[in-house]
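See below for the structure under consideration.
The values are calculated or read from the model by the stated rules, or taken from the named source; none is laboratory data. Just so it is clear, the model here is predicted, and its values are computed rather than measured. Cβ atoms come from the backbone with ideal geometry, glycine included; neighbour counts cover every protein chain shown. When the accessible area is computed, the model is the full protein with side chains, heavy atoms only, and any ligands, DNA or RNA have been set aside. Shrake-Rupley method; radii C 1.70, N 1.55, O 1.52, S 1.80 Å.
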Amino acid sequence: MLLSHNQPEYTPEARQLRIQGDVVLRVTITTNGTMIVHNVIHGLGHGLDESAMKSAPTYKFKPATQNGQPVDYTTNIIIKFQTA
């Protein structure tokens with residue numbers, strides 16, 4: 001469950017070109033709710049992949065649990081970029 005996050009920054013180039021879409025990142029959510037970014041699964045280019053990777057660690061999650069104990073959880077997340 002997502003608790004909080006910062007919006008990723010649009011790059012001037014991407015804004016000028018009106019690039020919109022999703023950046024998909026492979027991440028691990030740790031037992032303390034922080035995120036470790038492993039790599040970009042699907043990117044948009046024009047600096048948006050890097051912006052998504054930079055903003056991802058600001059996302060705070062409620063950790064996953066197994067048998068009542070917090071566990072690391074690896075998954076894909078989607079960071080949306082929309083100019084509107």
At what distance in nm do the modelled label points of N32 and E50 sit from each other, each positioned 7 Å from its Cα along Cα→Cβ? 2.8
What part of the accessible area of the range 2-84, given as a whole %, is carbon or sulfur when the probe is 1.4 angstrom? 49
Let me have the relative contact order for the chain, percent, based on Cα pairs under 8 Å that are six or more residues apart. 43
State the antiparallel share, in %, of DSSP beta bridges confined to the chain, rounding to the nearest 5. 100
Considering every pair of different Cα atoms, what Kirkwood radius, in Å, is found for the chain? 13.3
Heavy-atom accessible area with a 1.4 angstrom probe orders I79, I41, most exposed first, as I41, I79
